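Peer 1: Before we start, here is the structure in question, set down as structure tokens.
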Amino acid sequence: MTAKILLIEGKRNDGPSFVAGLTKKGFQVETVASGSAALTRLQESRPDLVVVNAATMRTSGKRICMSLRQEAPSVPIVLILEQNSEPIDKIDANVVLNLPFTLQKLLNRIKPLLPTEQKAVMRAGPISLDVDQRWVRCGGRQSSLTPRLVTLLKILMEQRGVVIERERLFSMVWDTNYTGDTRTLDVHVSWLRQAVEDDPRHPRYIKTVRGVGYRLDVDEPEKTRPIPPLNSKKLL
């Protein structure tokens, strides 16, 4: 899956632009011209990484990075500074680069900050799940998950918009035909809500359909997908 980069570049002509180079390398790049515009786009765009090209703006980038870190603590930040810029103390950036440098050097510093395997990252609305690394990102925060919670969320994301019966969901997650006691499922859903929801007591995404089961609601068109049979293989 293509990594998404939010690139903040100003209008100074003497600073180099990295839009074309990053796009050519296969990244999905969205550009904004200021830190305030980036904050506006941050939650809706949900980038994997933010690049602050302070060399194209009349700023050191320190305040922009601080605001970005407060808004989305888990999103990596790369700060690009002009040549011979003064060192910045306590900068809220994962990587700081001083011009001049090659595009390849920028790529070398960006790649370790991205999910290890982009193809392992699933997305449903604002929710991103890395199946291999076992983390979920939603609303600017990132949480680690147990293997069982990864399986549960993966199923809900694959069947988003579809109500999955409690017994069937339990059978799929625990890979068993015994569904006599599904209270364990309720506990795991509660833990998952703590990782995903802003207010777990009033969930926005993981909905309970009383007397039936659970459904994942996200801000995208609902899709109806067939639910695998009870004898399906483990997802993890």
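Peer 1: With each label point set 7 Å from Cα along the Cα-Cβ vector, what nm distance links T146 and N177?
Peer 2: 2.6 nm
Peer 1: Output the antiparallel fraction of DSSP beta bridges having both residues in the chain, as a percent to the nearest 5.
Peer 2: Around 50 percent antiparallel, to the nearest 5.
Peer 1: What is the dipole size for region 49-92, taken about its Cα centre, with +1 at each Lys and Arg Cβ and -1 at each Asp and Glu Cβ, in debye to the nearest 20?
Peer 2: Dipole magnitude for region 49-92 comes out near 100 debye.
Peer 1: For E197 and T40, what does the FRET efficiency come to when R0 = 22 Å and r is the distance between their Cβ atoms, rounded to the nearest 0.05?
Peer 2: My answer for the efficiency is 0.45.
Peer 1: Also, I was wondering about something else. Distance check, please: which entries in K62/K111; K25/K90; K24/K90; K111/K207; K105/K154 exceed 25 angstrom between their Cα atoms?
Peer 2: Over 25 Å apart, Cα to Cα: K25/K90; K24/K90; K111/K207; K105/K154.
Peer 1: Where in region 53-78 is the amide nitrogen less than 19 Å from a point lying 7 Å along the Cα-to-Cβ axis of E86?
Peer 2: Flagged as within label range: 54-66.
Peer 1: Something else about it: So what is the calculated 222 nm ellipticity per residue for the chain, using -39500 (n - 2.57) for each DSSP H run with n of 4 or more, over all residues, to the nearest 500 deg cm²/dmol?
Peer 2: The helix contribution divided over the chain gives -8500 deg cm²/dmol.
Peer 1: Calculate, for R109 and A20, the FRET efficiency according to 1/(1 + (r/R0)^6) with r their C-beta to C-beta distance and R0 25 Å; round to the nearest 0.05.
Peer 2: 0.85
Peer 1: With +1 on the Cβ of every Lys and Arg and -1 on the Cβ of every Asp and Glu, and nothing else charged, how large is the dipole of the chain about its Cα centre, in debye rounded to the nearest 20?
Peer 2: For this selection, approximately 240 debye.
Peer 1: Select from L99, L68, L42 the residue whose mean-square fluctuation is largest in a Gaussian network model of the chain (Cα-Cα springs shorter than 10 Å).
Peer 2: L99
Peer 1: Hey, what angle do you get for helix 183-196 against the long axis of the chain, alpha-carbon based, 0 to 90 degrees rounded to 10?
Peer 2: 10 degrees
Peer 1: Would you please state which residues of region 124-165 a label at Q70 would reach in this model, taking the label point 7 Å out along Cα→Cβ and a backbone N cut-off of under 18 Å?
Peer 2: In region 124-165, the label zone of Q70 (backbone N under 18 Å from the point 7 Å along Cα→Cβ) covers 140-141.
Peer 1: Output the 0 to 90 degree angle, nearest 10, between the alpha-carbon long axis of helix 147-158 and the longest principal axis computed from the alpha carbons of the chain.
Peer 2: Taking Cα atoms only, the helix is inclined about 90 degrees.
Each value in this text was obtained by applying a stated rule to the coordinates, not by laboratory testing. Computed from a prediction, not measured in an experiment: that's the story for all the values here. Virtual Cβ from ideal backbone geometry, glycine too; neighbours counted across all protein chains shown.
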